[in-house]
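J.: Sharing a structure below in structure tokens format, with a few things to ask.
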Amino acid sequence: MKFHILCELSFIVFLPAQLCNYCKKEKFPLDKEQILYIGSTIKRLRTEQKLSQEDLAGLTGYSREYISKVEQNHIDPSLGAGTASIAKALGLKTWELVKIAEENTHLEEK
């Protein structure tokens, strides 16, 4: 099975490690550990901004149940529209959300 990644800027679908000519960033899938931290990072950022799951759902157009499942890592939003919408609602770009999640991963490893 091949992974496909959606660029949040160009909305072009790429295979892993391809370079997007629009945003000039290499595209790559998240590994399982990063996916786990994406959910907990989204939850932490949401609560820091005093948003409920219902609030975040309203900002993204997704259901509260979807947000809950993402935060609990029952759904992998990957680097597609789900992650981009949630990141935008939290005032971030997708790459910023991934970077924060990666930093959380490294903190947990220590």
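The values are calculated or read from the model by the stated rules, or taken from the named source; none is laboratory data. Remember, it's a predicted structure, so these values are computed and weren't measured experimentally. With ideal geometry, Cβ positions are generated from the backbone for all residues, glycine too; neighbour counts draw on all protein chains shown.
J.: If Lys24 meets every condition in (1) outside any helix (DSSP H, G or I); (2) modelled with pLDDT of 80 or more; (3) of a type in the set (Lys, Arg) apart from one, which number is that one?
T.: With (1) outside any helix (DSSP H, G or I); (2) modelled with pLDDT of 80 or more; (3) of a type in the set (Lys, Arg) applied to Lys24, the lone miss is (2).
J.: Can you tell me which residue within the range 74-110, out of those that are surrounded by 14 or more Cβ atoms within 10 Å (Cβ to Cβ) and of a type in the set (Asp, Glu), is modelled with the lowest pLDDT?
T.: Asp76
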